[in-house]
Ligand SMILES: [Zn+2]
């Protein structure tokens with residue numbers, strides 16, 4: 001356990017990192033999506049070098065990688081801790097002015113520079129466990145960026161802890177700070193081999209105690225509906241309007257099931273994200289989500305049946321149905337490596353933290369990394385209300401995340 005004499009450094013780091021604008025860009029086709037993310041990556045490399053980790057480097061794609069070398073005789077499996085430097089495109093991350101509300105005593109938190117932005121006590125059940133905590137918020141005009149700069153700061157502090165306490169044994173600890181997680185491209189140029197870890201943990205979750213080992217499995221479906229276009233003046237008994245076929249198809253979809261707005265928990269869905277085109281050709285895009293791969297396929301079959309019905313109702317029209325694999329539930333990988341989760345649970349137990357194990361209705365970088373050969377569950381970083389002006393994080397929860405990272409690294413050494 002980290003002793004009480006250790007001077008934690010995560011707070012000053014975090015307050016520094018959130019002031020660097022690292023918003024990623026959904027529209028961009030370059031990598032990283034916006035080079036301003038590298039402003040923080042460069043600072044991190046410098047700080048790693050100041051810590052004495054001279055192998056720290058920023059690669060040409062914007063990934064920071066470094067290794068804290070093993071200090072034990074044992075042959076310890078190298079593990080990695082990963083966080084992302086970018087912030088959500090949803091809310092500006094420019095000129096972030098973090099505010100620390102010391103010794104929180106309950107009630108709503110009004111953000112001072114835009115009083116219409118309020119962290120409402122009744123809507124944030126975690127707040128009741130934060131009485132006496134020091135809570136960091138924005139001033140109401142920006143994002144905070146605790147997602148995921150809290151994770152970045154916590155990993156940096158854990159490294160600092162090991163360096164300041166060389167008698168605490170650990171194996172090779174690899175770290176990676178990625179760009180573009182928020183635009184779904186965080187693993188696009190991720191060099192798993194170069195990182196050199198066997199297992200990893202993303203520090204990108206919310207509430208204290210979160211360990212996420214299950215994500216959705218995800219496909220996209222692209223449907224092309226082709227009609228029969230004829231000059232409208234001479235179209236009688238000839239024209240088949242693709243716009244009408246597409247509308248009919250969308251209208252056939254159930255209103256009470258199979259969609260994001262009608263499902264929760266472990267239920268899957270298909271979700272139409274766009275319809276575009278004209279009378280000769282329409283493109284309908286869908287995303288398909290479920291926790292079980294077979295059910296994902298069933299949803300696709302069901303969707304196709306509605307499409308076939310729509311096309312049959314408009315003789316002369318035709319359709320193509322293309323499935324594009326996106327990512328898979330990481331649990332299928334992690335179940336073959338149970339110690340990855342087990343050691344994290346053991347770390348929480350030692351810290352007297354209640355584990356929160358939920359299945360994420362979404363993906364993480366870990367879902368892709370797990371299938372790229374690096375099994376990677378997601379752990380809490382402490383933040384709340386991600387992607388919103390009302391984002392907040394408690395200093396005490398960040399400290400717990402640092403302790404959890406340290407403890408996990410120690411356990412991998414002990415069990416080697
Ligand atoms: Zn995140």
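Each reported figure results from applying straightforward, stated rules to the coordinates on display, with no laboratory input. Worth saying up front: this structure is predicted, and the values here are computed from it rather than measured. No Cβ is skipped: glycine too gets one built from the backbone with ideal geometry, and neighbour counts run over all protein chains shown.
Taking neighbour Cβ counts within 10 Å as the exposure measure, how do 1, 130, 156, 330 sort from fewest upward? Can you show the working numbers first?
Numbers: 1 9, 130 20, 156 24, 330 27.
By the 10 Å Cβ count, ascending, the order reads 1, 130, 156, 330.
Whole number please: convex hull volume per residue, Cα atoms of the chain, in Å³. Walk me through the intermediate numbers first.
On the way: hull volume 65.2 nm³, N = 416.
Expressed per residue, the convex hull around the Cα atoms of the chain is 157 Å³.
Kindly provide the pair-distance distribution of the range 49-128 built from C-alpha pairs, with 5 Å bins from 0 and whole-percent values in order of increasing distance.
That works out to 3, 9, 12, 14, 12, 12, 9, 12, 12, 4, 1, 0, in percent per bin.
So how tilted is helix 146-164 from the main axis of the chain? Cα-based, degrees 0 to 90, rounded to 10.
Taking Cα atoms only, the helix is inclined about 30 degrees.
Rg and Dmax of the range 89-139, using alpha carbons, in Å: what are they?
11.6, 32
As an exercise, find the ratio Rg/Rh for the range 86-180 from alpha-carbon atoms, using the Kirkwood inverse-distance average for Rh. Spell out each step's value before the answer.
Working: Rg = 16.9 Å, Rh = 15.8 Å.
Ratio of gyration radius to Kirkwood radius for the range 86-180: 1.07.
I'd like the FRET efficiency for residue 313 and residue 283, computed as 1/(1 + (r/R0)^6) with the beta carbon distance as r and R0 of 22 Å, rounded to 0.05.
Numbers: r = 19 Å, r/R0 = 0.88.
Approximately 0.70, to the nearest 0.05.
Based on alpha-carbon centroids, what's the gap between the range 78-135 and the range 295-345 in Å, whole number please?
Centre-to-centre (Cα) distance: 35 Å.
What's the extension gain from residue 354 to residue 131 if we count 0.36 nm per residue and subtract their Cα-Cα distance? Write down the numbers at each step before the final one.
Details: separation 223, 0.36 × 223 = 80.28 nm, distance 1.76 nm.
Extending this stretch completely gives an extra 78.5 nm.
Could you put 244, 193, 309, 410 in order, starting from the residue whose Cβ has the fewest other Cβ atoms within 10 Å? Provide the component values of the computation, followed by the final result.
Working: 244 18, 193 9, 309 12, 410 21.
Taking fewest neighbouring Cβ atoms as first place, the list is 193, 309, 244, 410.
For the range 73-205, give the share of DSSP beta bridges that are antiparallel, in percent and rounded to the nearest 5; count only bridges with both residues there. Let's see the in-between values first.
Working: 5 of 15 bridges.
Antiparallel bridges make up about 35 percent of those DSSP assigns within the range 73-205.
On the first, second and third principal axes, largest extent first, how far apart are the outermost C-alpha atoms of the range 291-416 in Å?
Sorted largest first, the three principal extents are 67, 41, 21 Å.
Divide, for the range 152-254, the radius of gyration over alpha carbons by 2.2 N^0.38 Å, where N is the residue count.
Details: Rg = 26.5 Å, N = 103, 2.2 N^0.38 = 12.8 Å.
Taking the Cα Rg and dividing by 2.2 N^0.38 Å, one obtains 2.07.
Considering only DSSP beta bridges where both residues belong to the chain, give the percentage that are antiparallel (nearest 5).
75
Using a 7 Å offset from the Cα along the Cα-to-Cβ direction at both residue 1 and residue 297, what is the distance between the two label points in nm, to one decimal?
Between residue 1 and residue 297, the label points sit 5.0 nm apart.
Could you calculate the FRET efficiency of residue 163 with residue 323 from 1/(1 + (r/R0)^6), where r is the beta carbon distance between them and R0 is 51 Å, rounded to 0.05?
Using R0 = 51 Å, I get an efficiency of 0.60.
For an R0 of 35 angstrom, estimate the FRET efficiency from the Cβ-Cβ distance between residue 27 and residue 335 and round to the nearest 0.05. Please report the intermediate quantities before stating the final value.
Working: r = 38 Å, r/R0 = 1.07.
Efficiency, from the Cβ-Cβ distance: 0.40.
Determine the gain in length on full extension of the stretch residue 224-residue 304; use 0.36 nm per residue of separation and subtract their C-alpha separation, reporting nm with one decimal. Walk me through the numbers on the way to the answer.
On the way: separation 80, 0.36 × 80 = 28.80 nm, distance 1.18 nm.
Gain on stretching residue 224 to residue 304: 27.6 nm.
Return a whole-number percent for the relative contact order of the chain, with Cα pairs under 8 Å and 6 or more residues apart as the contact set.
23
Could you tell me the extents of the range 279-331's C-alpha atoms along the three principal axes, largest first, rounded to whole Å?
The principal-axis extents, from largest down, are 44, 17, 10 Å.
Angle between the Cα long axis of helix 338-350 and the longest principal axis of the chain, 0 to 90 degrees, nearest 10?
Orientation of helix 338-350: about 50 degrees from the principal axis.
What distance in nm lies between label points placed 7 Å from Cα along the C-beta direction at residue 99 and residue 57?
So the two model labels end up 4.5 nm from each other.
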